[in-house]
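Colleague: The structure's right below; bear with me while I get my questions together.
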Amino acid sequence: MRLMLFTQIPEMEALNWCWPDFSPSELSCKCGGRFCNGAYWHDATFLDALQKLRDDINRPLHISSGHRCSRWNAHVGGAAKSRHLKIAVDILLAGHHRFVLRDAAIGLGFNGIGMARSFLHLDRRGQSANWYYVGSRALWLR
């Protein structure tokens, strides 16, 4: 099982879960049942890279947003073709050096990089894309 959408948070045992620092619940839709039952997009390759990022920087990664159902994505103002509709993460920057985290992520194949004031968006896509969220560009210039 490589890529699969679950309409509710699956049991970790059903996925042969092997990513000790993450769980389906923190990576699933955060709409709280308003629009879905905690939909979760499973991609083992993505999770392997996310776990490697965590291992390499040797610090916890706090995920503020993972998968989003389409209605939750619209509700929070996400882009119509947001990678969160499948699998992407927003990692809170508190406790991290923004450049170390970003550069480590790039080195592990994350090539959708969104740089915000308080979080770093990561996804894996065909064509590389880097962007700054409103008001964050100056924080990301060296």
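Colleague: So is SER82 in contact with a Gly (Cβ under 6 Å, 6 or more places away or on another chain), small (Gly, Ala, Ser) and surrounded by 18 or more Cβ atoms within 10 Å (Cβ to Cβ) or not?
Modeller: So SER82 does not fit the description; no.
Colleague: Only residues that are within 11 Å of ALA39 (Cα to Cα), touching a Lys or Arg at 6+ places or on another chain (Cβ under 8 Å) and free of Cβ contacts under 8 Å to residues at least 40 places away in the same chain: list them for segment 64-84, please.
Modeller: ARG68
Colleague: So how many residues does segment 86-97 have that are in contact (Cβ under 8 Å) with a residue 24 or more places away in the chain and out of contact with any strand residue (DSSP E or B) (no Cβ under 7 Å at 6 or more places or on another chain)?
Modeller: The number of residues fulfilling the criteria is 3.
Colleague: Moving to a separate point now. Here is a list: SER28, SER64, SER23. Which entry is of a type outside the set (D, E, K, R) and surrounded by 18 or more Cβ atoms within 10 Å (Cβ to Cβ)? So that I can check it myself, show each step before the final result.
Modeller: Working: SER64 fails: surrounded by 18 or more Cβ atoms within 10 Å (Cβ to Cβ); SER23 fails: surrounded by 18 or more Cβ atoms within 10 Å (Cβ to Cβ).
Within the list SER28, SER64, SER23, the selection yields SER28.
Colleague: Starting from residues that are farther than 23 Å from ARG102 by Cβ and of a type in the set (Asp, Glu), keep the ones in segment 5-50 and report whichever is nearest to the chain's Cα centre (by Cα).
Modeller: In this case the residue turns out to be GLU11.
Colleague: Out of the residues in segment 105-142 that are outside any loop (DSSP other than H, G, I, E, B) and among the aromatic types (Phe, Trp, Tyr), which is nearest to the chain's Cα centre (by Cα)?
Modeller: So the residue we want is PHE119.
Colleague: Looking for something farther than 23 Å from HIS42 by Cα, at pLDDT 95 or above and not acidic (Asp, Glu) - is there at least one such residue anywhere in segment 82-93?
Modeller: Checked segment 82-93: at least one residue is farther than 23 Å from HIS42 by Cα, at pLDDT 95 or above and not acidic (Asp, Glu).
Colleague: While we're looking at this one, here's another question. Counting only residues that are crowded, with 19+ Cβ neighbours inside 10 Å and either polar (S, T, N, Q) or touching a residue at least 40 places away in the same chain (Cβ under 8 Å) (or both), how many does segment 102-121 have?
Modeller: Of the residues in segment 102-121, 3 are crowded, with 19+ Cβ neighbours inside 10 Å and either polar (S, T, N, Q) or touching a residue at least 40 places away in the same chain (Cβ under 8 Å) (or both).
The values are calculated or read from the model by the stated rules, or taken from the named source; none is laboratory data. Given the structure is predicted, the values throughout are model-derived calculations rather than measurements. Please note: Cβ atoms are built from the backbone with ideal geometry, for glycine as well, and neighbour counts cover all protein chains shown.
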